[in-house]
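Working notes, beginning with the structure itself.
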Amino acid sequence: MERKETVTLTNMCMIYDSKGNVLVQDRVNKKWSGMTFPGGHVEKGESFIDSVIREVKEETGLTVSDLRICGIKQWMDDDSRYIVLCYKTNKFEGELCSSEEGEMRWIKLDELLGMHLASGMKHTLRLFLEDGSNEHVCYMENGEAVNIVI
């Protein structure tokens, strides 16, 4: 049995404030559009925390700190695995801006589920919001996406 596989490492960060708001990104990418949290790829040799700080800064203009890992999302795509390390924080500074990835805006957390979410985000949200959930596994079965949150 082969023990090595190709893996793509990424991150996502839920930034929230004391007023019940979360920072969302309305992604414009046609392959994965809709509301989500900022994040992106981990670069070769980069620590996971450093990658979150960098990606959030690039996409929002904010500098985050006191990051807490709250779960992992993963899915298999042909011969590779895609892993998203999910973090959250309420510690940030700077001036909010948007990027080419999509428009950034603050919304009430309870409004998020009523919005057009990026694919799988409804399930991934459980990692950020439920203490007992820590892994979101996605795979295709008979042409349909299957989402399991453990």
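The values are calculated or read from the model by the stated rules, or taken from the named source; none is laboratory data. For clarity, every value in this text was computed on a predicted model and none was experimentally measured. Cβ coordinates were reconstructed from backbone atoms using ideal geometry, including for glycine residues, and neighbour counts include every protein chain displayed. Accessible surface areas use protein heavy atoms only, side chains included; no ligands, DNA or RNA. Shrake-Rupley method; radii C 1.70, N 1.55, O 1.52, S 1.80 Å.
Residue by residue through segment 59-94, note down the ones that are in contact (Cβ under 8 Å) with a residue 12 or more places away in the chain and at positive phi.
Taking segment 59-94 as the starting set, the residues that turn out to be in contact (Cβ under 8 Å) with a residue 12 or more places away in the chain are 59-76, 79-94.
Across segment 59-94, the qualifying residues are G61, D66, G71, G94.
Looking only at segment 92-108, filter to residues that are within 19 Å of N29 (Cβ to Cβ) and out of contact with any helix residue (DSSP H, G or I) (no Cβ under 6 Å at 6 or more places or on another chain); which one of those is surrounded by the fewest Cβ atoms within 10 Å (Cβ to Cβ)? Show your work before the answer.
Residues of segment 92-108 within 19 Å of N29 (Cβ to Cβ): 97-105.
Remaining after also requiring out of contact with any helix residue (DSSP H, G or I) (no Cβ under 6 Å at 6 or more places or on another chain): 97-98, 100, 102-103, 105.
Details: C97: 11, S98: 15, E100: 8, G102: 20, E103: 12, R105: 14.
Across segment 92-108, the extreme among qualifying residues is E100.
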> Picking from M115, M140, M104, which residue would you name as being part of a strand (DSSP E or B) and more than 21 Å from L62 (Cα to Cα)?
Replying inline: M140
>> For segment 71-95, give me each residue that is touching a strand residue (DSSP E or B) at 6+ places or on another chain (Cβ under 6 Å) and under 20 Å from K19 (Cβ atoms).
In response: K88, T89, N90, K91, F92, E93, G94
>> Anything in segment 39-91 that is in contact with a helix residue (DSSP H, G or I) (Cβ under 8 Å, 6 or more places away or on another chain) and among the aromatic types (F, W, Y)? List them, or say none.
In response: Y87
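Out of L67, L112, which single residue is more than 17 Å from T36 (Cα to Cα) and either open to solvent by less than 40 Å² (accessible area, probe 1.4 Å) or of a type in the set (F, W, Y) (or both)?
Going through L67, L112 in turn, just one is more than 17 Å from T36 (Cα to Cα) and either open to solvent by less than 40 Å² (accessible area, probe 1.4 Å) or of a type in the set (F, W, Y) (or both): L67.
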